[in-house]
Amino acid sequence: MPDLAVPGQVYEVGGCVRDALLGRQAKDRDWVVVGATPQRMLEAGFVPVGRDFPVFLHPRTKEEYALARTERKSAPGYHGFAFHAAPDVTLEQDLARRDLTINAMARGADGVLVDPFGGARDLRERVLRHVGEAFAEDPVRLLRLARFAARYADFTVAEPTQELLRRLVDEGEVDALVPERVWQELARGLMEPRPSRMLEVLRGCGALARLLPEVERLFGVPQPEQHHPEVDTGVHLLMVLDQCARLHAPLAVRWACLVHDLGKGTTPREQWPRHLGHEQRSAKLARAAAERLRVPTECRELADVVAREHGHVHRSGELGPAATLRLLVRCDALRRPERFEQVLQACECDARGRTGLEDRPYPPRERLARALACVLGVDTAAAAEAAAARGARGPQIGEAVQHAREQALAQALVQGLVQGLVPGQAQEAAR
């Protein structure tokens, strides 16, 4: 318990209680205070931080202490709530406003679990279940549930809860979500151990079609079976996202993988299962989705490169020195080598996100990394000076520098420093 006197009954609540029951280390501890007032919290030395309802920080631990409160719906959207915090609000009333039963548990100073809605039972049975009808009043809870599904991949969504999710979508509550909040929850879900589960839950209730219709359109779209044993483009996407988690990819890579194939959803049916030119269409759709959700610049820029170039990266073992250099330049690898490593990681996730190919090596990643190191090792100043000494001017000097880089790549290929793919493997990885 904290070392500062709290003017009321104090309980650990929410995620820290849930994680303790799961045997996991909680990242943060949250507290609820029953029987106190804002004035008494201030007098005890706590620092106010809540704008909509009374939340305070412990001055030393910086942990959050919220006064027990109730809430009621007052307007559409997740901002449309009126809160009531008073000394007569009980712990059970406070827990009743929470989203899921597994998050509606508390533990007092005596260590006794307070579990009025069966959260411990649902943890044992691996079920995500809403606490009450108030769940449907807050559309953010739909996104939070989908995120929890990505964190706890072996949990199922209770059918009554699934019905509430569908109602949220049908009644337009999801449409009231502001882009920043949608992105916040999507980003957190993408970083969970099984991000594919988030998309599955969103699809199951119809929310994916509202929030990311470009992604929804991928499901049911076939791809060539010889390259994609899973065939369905949407299924492939789910597998790619789980590869991101498996390879511990950062958020920018995971967003890039989420949107890398969007163009396949716009391929005319008569052209199925081939998707010629989908890369440029994917890049355009990815830019539109990023703009709509106000995705951070780092994520949207990486996604643009991956959407345009992933096929060329897959086939890079077939490229000669000049074409390899052009690929590196298009990816802006010479100026941003750290980001290019993320491009390669996204492409590896794409190549391995296929049925039966999850553990296959991905030679283009090492090959292009070595190619970039080779190019960056060229003394461009010396090449430019030599060209100028021969009378070259302006663009001719740039051509001389490019030639020096191509020559370095060609020499590296001869010496075996940059290995190509075995015949046929590039085509198999590319589609």
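Values quoted throughout were computed directly from the atomic coordinates according to the rules given, and no laboratory measurement underlies them. These numbers were taken from a predicted model, which means no experiment stands behind them. When we count neighbours, we look across all protein chains shown, and the Cβ atoms used for this are built from the backbone with ideal geometry, even at glycine.
Which residues does a label at Arg330 reach in the range 363-396, if reach means a backbone N under 18 Å from a point 7 Å past the Cα toward the Cβ? Residues 364-365, 367-369, 371-372 fall inside that zone.
For Glu12, what is the net charge nearby, where nearby means another residue's Cβ is under 12 Å from its Cβ and Lys, Arg count +1, Asp, Glu -1? The answer is -3. Think of it as helices only: each DSSP H run of n ≥ 4 in the chain is worth -39500 (n - 2.57), and spread over all residues that comes to -15000 deg cm²/dmol at 222 nm. About its Cα centre, the dipole of the chain is roughly 900 debye, where the only charges are +1 on Lys and Arg Cβ and -1 on Asp and Glu Cβ. As a calculated quantity, the FRET efficiency between Arg121 and Ala5 at R0 = 51 Å, using C-beta atoms, amounts to about 0.90. Cα centroid separation, the range 338-363 to the range 1-71: 44 Å. Principal-axis analysis of the Cα atoms of the chain puts helix 195-205 at an angle of about 60° to the longest axis. A crude spin-label estimate for the pair Asp170 and Glu318, with each label 7 Å from Cα along the Cβ direction, gives 5.0 nm. When mean projected area of the Cα convex hull in nm² is calculated for this entry, the matching label among (i) 21.3; (ii) 19.1; (iii) 26.4 is (iii). In summary, the convex hull built on the alpha carbon positions of the range 9-118 has an orientation-averaged projected area of 7.4 nm².
Relative to the dominant Cα principal axis of the chain, helix 140-151 is inclined by about 60°. Amide H contacts under 5 Å for Phe219: Gly234, restricted to partners 5 or more places along the chain or on a different chain, H placed in the peptide plane at 1.01 Å from N. Compared with the dominant principal axis of the Cα atoms in the chain, helix 297-314 is inclined by about 40°. Each of Trp31, Trp272, Trp255 has some number of other Cβ atoms within 10 Å of its Cβ, and from fewest to most they run Trp272, Trp31, Trp255.
In angstrom, the C-alpha Rg and Dmax of the range 212-430 are 18.6, 61. One chain, two ends: Glu43 and Ala96. Fully extended at 0.36 nm per residue, the span grows by 16.2 nm beyond their Cα-Cα distance. Beta-bridge orientation, the chain: approximately 80 percent antiparallel, per DSSP, counting only bridges with both partners inside.
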